[in-house]
Amino acid sequence: MTVLAHKLPDDLTAALLSESNRALRVGAFYGMLLAVIPVVILPVYMQAGLARMLFAPWLFAVLGGAFSGLIYFLAKHEQVRGLAAWCVFIPFVSMPTLFLLVANATTPADVVLSVSGPFTYIYGFALVVTGFMFNFWLSAVSGLVAAIGYFGGYWLVRDHLVALQMAGGAPDQLLANDSIFAAKALIICFCGMAVGALALVARRLTVRAIFEERDKALVSRLFGEYVSEEVKQKLLRDPAAQRGETKDVVVLFSDIRNYTSFSEATEPAQIVARLNDYFDAMVDAITSH
């Protein structure tokens, strides 16, 4: 948690953003794949007379797939960041609520399917996708929005559910039970916080991995040209070795003749080139002997 307590350097922030958008692309891809199934199957069901009018669920699947495609496109170009992430995910987790309202307005006979059917599980999928942004508050607030939307949607159709229950049109006597739907909404809310907690863990591990990769690149760049491959690999495998160790060694001191006067009268680029030639020769000779 120490790493997350301070603002990350710009390069690490950019690397973390890249990783989160890469993960988000995967989640958005599976969102599109999930939408394809009902888009293909529901028309077949309706055409074969195996189900009543399911236009609202089909339209919801189309819109959900399109929204997932938009997220995929934005993530591919690493545009899901900051305020844009909130503008993307709050509507995304609200889509099942929108489906509930549209279904109630267009096909009120199917309101039971709308409020208790499989499409309500999309809340959980959408909350999981928010975790790819490694942002606790984004997931937690998304869970709260989804919970309020779900219970609010239920409350808007509650009278219709009660009428169905009283008329015997709904076999489930708990269909219009407020406490049950409140409990479902509470579960959705806590799912958002749980995903946010997991997002923090994933963020910490990702930042640690980025730090380690940066350290390895630094060691390779600083020492790779001047020490043997064996020493370099040891430094990369064991970070503790970078702090030094005590052992018997042979030390060679060497100097470049007239280096001071040479450097005073020579351009920096030429000095660097001369030093590189010198180091190449010295390292080759030391490594060989």
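The values are calculated or read from the model by the stated rules, or taken from the named source; none is laboratory data. Values in this document were obtained by computation on a predicted structure and should not be read as measured data. All Cβ positions, glycine included, derive from the backbone under ideal geometry; neighbour counts span all protein chains shown. Accessible surface areas use protein heavy atoms only, side chains included; no ligands, DNA or RNA. Shrake-Rupley method; radii C 1.70, N 1.55, O 1.52, S 1.80 Å.
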* To do: Could you order 122, 37, 71 so the one with the most accessible surface comes first? Probe is 1.4 Å.
  => 37, 122, 71
* **In Å², nearest 10: area of residue 72 left accessible to a 1.4 Å probe** => 80 Å²
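Tell me the per residue accessible area of segment 111-152 using a 1.4 Å probe; a whole number in Å² is fine.
The answer is 37 Å² per residue.
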* Asked: From the phi of every residue in segment 22-37, what ³J(HN,Hα) in whole Hz does the Karplus formula 6.51 cos²θ - 1.76 cosθ + 1.60 yield, where θ is phi - 60° and glycine or proline is x?
  -> 5, 5, 5, 4, 5, x, 5, 4, 5, x, 5, 5, 4, 6, 4, 4
* Asked: Each residue of segment 207-216 in turn: what ³J(HN,Hα) in whole Hz from Karplus with 6.51, -1.76, 1.60 and θ = phi - 60°, glycine and Pro shown as x?
  -> 4, 4, 5, 5, 4, 5, 5, 5, 5, 4
* **Net charge of neighbours whose Cβ lies under 14 Å from the Cβ of residue 68, counting Lys and Arg as +1 and Asp and Glu as -1** => +2
* Structure fact -> Reported to the nearest 10 Å², residue 22 has, with a 1.4 Å probe, an accessible area equal to 100 Å²
